[in-house]
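First comes the structure, then the notes that go with it.
Please treat every number below as a calculation from the coordinates, not as lab data. Worth saying up front: this structure is predicted, and the values here are computed from it rather than measured. Note that each Cβ is placed from the backbone with ideal geometry, even for glycine, and that neighbours are counted across all protein chains shown.
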Amino acid sequence: MDDAVFLIRYRRSKWALNNHLFVEYLTTGLDLAPSPKRTADNPLLTLTTWGCHNAGMTQRSTDHQQAFDRLRLVRAEAIEYTRKAQQLAAERRDLIRQLIGDGFSQADIARELGVSRQAIQKMLAC
């Protein structure tokens, strides 16, 4: 079990599984762990939550909180723009297919857009 704890800490971070109560729970093995029938709630498990999520975290100042708020906003905008770009790429692909169906070649469309024929092929593949 020590190898498993080491591996988790090595691959995730030094703070992973940094709660000794949780590590003890893991090292006892599931066959030795208390049965859910005997205890309705595991108070030790409840205590581990705080350490797992908060150990080693720095205190946030107002400036940091503003930076995190801005980060969330920028992330949300980036997600929205990605969705919009996907919608526009689908519309572009449909328009190219329509033009090809009307008799235009990929080379004709490429010349009109000022791109290569290969670029048109990539646009169709998306």
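What to note about this one:
- Per-residue Cβ neighbour rank within 10 angstrom, fewest leading, I79, I109: I79, I109
- Near L124, once Lys and Arg are set to +1 and Asp and Glu to -1 for all other residues with Cβ below 11 Å from its Cβ, the sum equals +4.
- About the centre of its Cα atoms, the stretch 68-126 shows a dipole size close to 260 debye [charges on the beta carbon of Lys, Arg (+1) and Asp, Glu (-1) only; nearest 20 debye].
- Hz values of 3J(HN,Hα) by residue in the stretch 72-85 - Karplus curve (6.51, -1.76, 1.60), Gly and Pro given as x: 4, 5, 4, 4, 4, 5, 4, 5, 5, 5, 5, 4, 5, 4
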